[in-house]
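Where a number appears in this text, it was derived from the coordinates with a stated rule and is not lab data. On a predicted model such as this, the values are computed, not experimentally measured, just so you know. Here the Cβ positions follow ideal geometry from the backbone for every residue, glycine too, while neighbour counts run over all protein chains shown.
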Amino acid sequence: MRKIIFIANLLVLIASCSIIRKTDTSEKRNEEKYQGKNVFQDTENKNLTKQNFFIQKAEIEFSSEEENQKLIASIKFVYPDQYLLSLRSKTGIEAARIFITDDTVLINDRINKKLYFGKPNSLENRYSVSADLLPVVFGDFIRSKQMEESNISCAGGIAECNYIISGRNIKYRIDCNKLKVVSVKQEGFLKSSFDKIEFGTFIKAANNLIPGVIRITFNKSVITVKIVKIEVPWSGNIEFIPGSRYDLIELL
């Protein structure tokens with residue numbers, strides 16, 4: 001269950017549309033236009049969490065030296081801060097359902113008939129997953145006020161920058177043509193939910209781009225996420241139904 005919840009909290013953000021197509025890599029932007037603050041502001045403007053979305057299907061593979069496990073996920077997001085994630089086995093049996101807002105975490109462990117509840121900071125205390133970093137994990141660009149951006153420019157089509165977010169040193173690499181994050185690292189933090197995340201196979205989603213493949217590495221393990229069927233913008237809502245007669249366990 002611990003690993004399932006860990007994977008779940010790394011998967012709370014991806015967005016796309018019902019029709020997926022690969023981006024035309026022949027479209028190039030004028031790199032000189034995106035210098036200093038321009039590239040960061042324009043990349044931030046493309047963040048996926050600016051609207052509701054529904055990932056109807058994502059394929060997840062967890063691999064380590066000890067084992068390999070495959071899961072199916074669906075994710076709903078309602079702006080600005082509500083997430084609902086369902087994790088299923090390849091045969092379709094739901095293993096867990098997770099609801100997260102800015103002040104609440106609820107997890108239905110359907111296999112063991114347990115309902116976990118707590119605050120978002122319990123994710124970091126227990127699983128080293130900061131709720132503030134969930135958008136970063138899935139390709140959004142979050143800035144802080146602790147860095148001067150005016151002297152940063154694109155070199156070879158890539159801009160790099162470091163930020164301190166929730167006490168963590170986050171290093172971004174941004175594609176100045178796509179205006180999307182292509183990789184992110186955490187540095188100098190021992191209790192970390194990830195070491196490096198790489199984003200690839202960008203696909204068109206309405207007027208935006210999203211990474212179709214996300215590769216997360218941590219402690220000699222890898223999580224690979226592939227988007228299969230998704231919808232954005234999405235006009236539905238989120239409802240979390242606690243399991244009947246489940247044991248209640250507080251996340252501390």
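How would you rank 39-49, 83-93, highest first, on the average number of other Cβ atoms within 10 Å across their residues?
Averaged packing, sorted descending, gives the order 39-49, 83-93.
In nm, to one decimal, how far is the SER153 label point from the SER244 one, both placed 7 Å along Cα→Cβ?
About 6.7 nm separates the two model spin labels.
Would you order PHE240, PHE77, PHE99 from fewest to most other beta-carbon atoms within 10 Å of each residue's own beta-carbon?
The most exposed by this proxy come first: PHE240, PHE99, PHE77.
Using a 10 Å cut-off around each Cβ, can you sort VAL213, VAL225, VAL232 from fewest to most neighbouring Cβ atoms?
Ordered by Cβ neighbours within 10 Å, fewest first: VAL213, VAL232, VAL225.
What is the extension gain from ASP81 to ASN177, computed as 0.36 nm multiplied by their sequence separation minus the C-alpha to C-alpha distance, in nm to one decimal?
The span from ASP81 to ASN177 would gain 31.7 nm if fully extended.
Which ³J(HN,Hα) values in Hz, rounded to whole numbers, follow from the phi angles of region 102-115 under the Karplus curve 6.51 cos²θ - 1.76 cosθ + 1.60, where θ = phi - 60° and Gly and Pro get x?
Calculated HN-Hα couplings, in order: 6, 9, 9, 10, 10, 10, 8, 8, 6, 6, 9, 6, 10, 10 Hz.
Which ³J(HN,Hα) values, rounded to whole Hz and listed in residue order, are derived for region 58-72 from phi using the Karplus coefficients 6.51, -1.76 and 1.60 in 6.51 cos²θ - 1.76 cosθ + 1.60 with θ = phi - 60°, glycine and proline given as x?
Listing the rounded values in order: 9, 8, 10, 10, 10, 9, 9, 5, 8, 7, 9, 9, 10, 9, 10 Hz.
Most exposed first by the Cβ proxy, i.e. fewest other Cβ within 10 Å, how do CYS176, CYS161 rank?
Ranked by crowding around the Cβ, least crowded first: CYS161, CYS176.
I need the phi-derived Karplus couplings for region 174-184: 6.51 cos²θ - 1.76 cosθ + 1.60, θ = phi - 60°, integer Hz, Gly and Pro marked x.
Computed from phi, the couplings for region 174-184 are 10, 7, 6, 7, 7, 6, 9, 5, 9, 6, 8 Hz.
Checking the table LYS50/LYS180; LYS46/LYS226; LYS90/LYS220 against a 18 Å threshold on Cα-Cα, which pairs fail?
Too far apart for the 18 Å limit: LYS46/LYS226; LYS90/LYS220.
Any idea how far apart ASN207 and LYS90 come out in nm if each label point goes 7 Å out from Cα toward Cβ?
Here the answer is 4.1 nm between the modelled labels.
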